[in-house]
Amino acid sequence: MPDLDDLYQELILDHYRRPRNRGRLEDASGRAEGYNPLCGDRVTVFVKLDGDVVRDVKFEASGCAISTAAASLMSEAVRGKSLAEARALFRKFHGMVTGAQPPGNNGPELGKLEVFGGLNQYPARVKCATLAWHTLDAALENRHETVTTE
Ligand code: ZN
């Protein structure tokens, strides 16, 4: 897949090689598993809610660089956010990577998450980047089914 080279930007590779917040949360208030059959990516997300604040997020992942880096960057982005803020971030991120909604100036700042902005050119890779977010969404509701991107 030679045309993917330019996607593997430094930040994505850095988070793939040294994922932040990787591991399990023994006192999680919610967890969910996600699977992207298109690429074989798997992720488990653990969250600890304190009222409606996401106090802690951890994850375990196996899969491609994009899926692991996306989980790492997601965990950094939503830690300390309210549920509403975390969901707004997901909506904006989803709109950006699918190309449905260019980021613009409305809503939350995407910050580092903008590194995935070029993915809307690669529909198959979009699922790698959104898997952790769909799984986060399920973990926040403590839904126990496996989330798939299909
Ligand atoms: Zn993948």
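The numbers here are math on the coordinates, done by the rules we state, and not lab data. The structure presented is a predicted model; accordingly, all values stated were derived computationally and were not measured. Neighbour counts run over all protein chains shown; Cβ positions are idealised from the backbone, glycine included.
Within the straight-line cut-off of under 23 Å between alpha carbons, the lysines reachable from K127 are K58, K92, K112, sequence neighbours fewer than 8 places apart in one chain being disregarded. Give me the net charge for the shell around F59: Cβ to Cβ below 12 angstrom, other residues only, Lys and Arg +1, Asp and Glu -1. Overall, the nearby charge balance is +2. The packing ranking of peptides 132-145, 17-30, highest mean first, is 132-145, 17-30, where packing means the average number of other beta carbon atoms within 10 angstrom of each residue.
Computing FRET efficiency as 1/(1 + (r/R0)^6) for E109 and E141, where r is the C-beta to C-beta distance and R0 is 35 Å, gives about 0.90. If you add up the charges near D50, with Lys and Arg at +1 and Asp and Glu at -1, over every other residue whose beta carbon is less than 12 angstrom from its beta carbon, what do you get? Around D50, the charge tally is +1. Relative contact order, whole percent, for the chain stands at 31, derived from Cα pairs under 8 Å and 6 or more residues apart.
Taking a sphere under 15 Å around the Cβ of Y35 and counting the other residues whose Cβ falls inside, with K and R at +1 and D and E at -1, yields a net charge of -2. Over the C-alpha atoms of the chain, the Rg to Rh ratio, Rh being the Kirkwood estimate, stands at 0.94.
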